[in-house]
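Taking it in order: structure first as structure tokens, then the write-up.
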């Protein structure tokens with residue numbers, strides 16, 4: 001009887017914990033992570049033709065980036081499938097890792113080029129805002145640890 005009561009309390013506690021977790025995920029999703037589609041043009045206060053051009057750049061950028069991210073996932077799956085393939089040797093592993101690195105290089109280059117193009121449509125004040133946004137997105141969660149001298 002004591003065990004049954006224990007399981008009822010445990011189930012109730014887990015249910016409450018799940019509800020709280022879902023609440024925080026739903027309510028906090030709007031405030032965390034990289035900016036959304038219109039966030040960039042809104043943060044930079046872009047209007048008219050500049051806004052239209054940057055939204056078009058975003059569409060192309062995110063479509064291409066999504067393709068490269070999918071490719072990265074596929075390459076990682078292939079790499080870790082090598083564990084179960086005795087025919088794969090260190091050269092195969094190294095080749096696959098080089099493909100992953102090259103794919104990541106393409107993502108980084110594409111992202112840099114995208115922000116460079118966005119910057120070309122910005123005023124000096126907007127460029128400063130863009131620079132701040134980029135640094136905010138690149139900063140690890142919780143900030144950087146202090147440097148040791």
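Laboratory data are not the source of any read-out in this text; all were calculated from the coordinates shown. Keep in mind that this is a model prediction, so the values were computed, not measured. FYI the Cβ positions are ideal-geometry reconstructions off the backbone, even for glycines, and counts take in every protein chain you see.
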Original post:
Once you sort the root eigenvalues of the Cα gyration tensor of the range 1-136 as a ≥ b ≥ c, which label holds: rounded (a/c under 1.5), prolate (a/b larger than b/c) or oblate (the other case)?
Top reply: oblate
Original post:
In what order do 7, 114 fall by count of nearby beta-carbon atoms within 10 Å, going from fewest to most?
Top reply: 7, 114
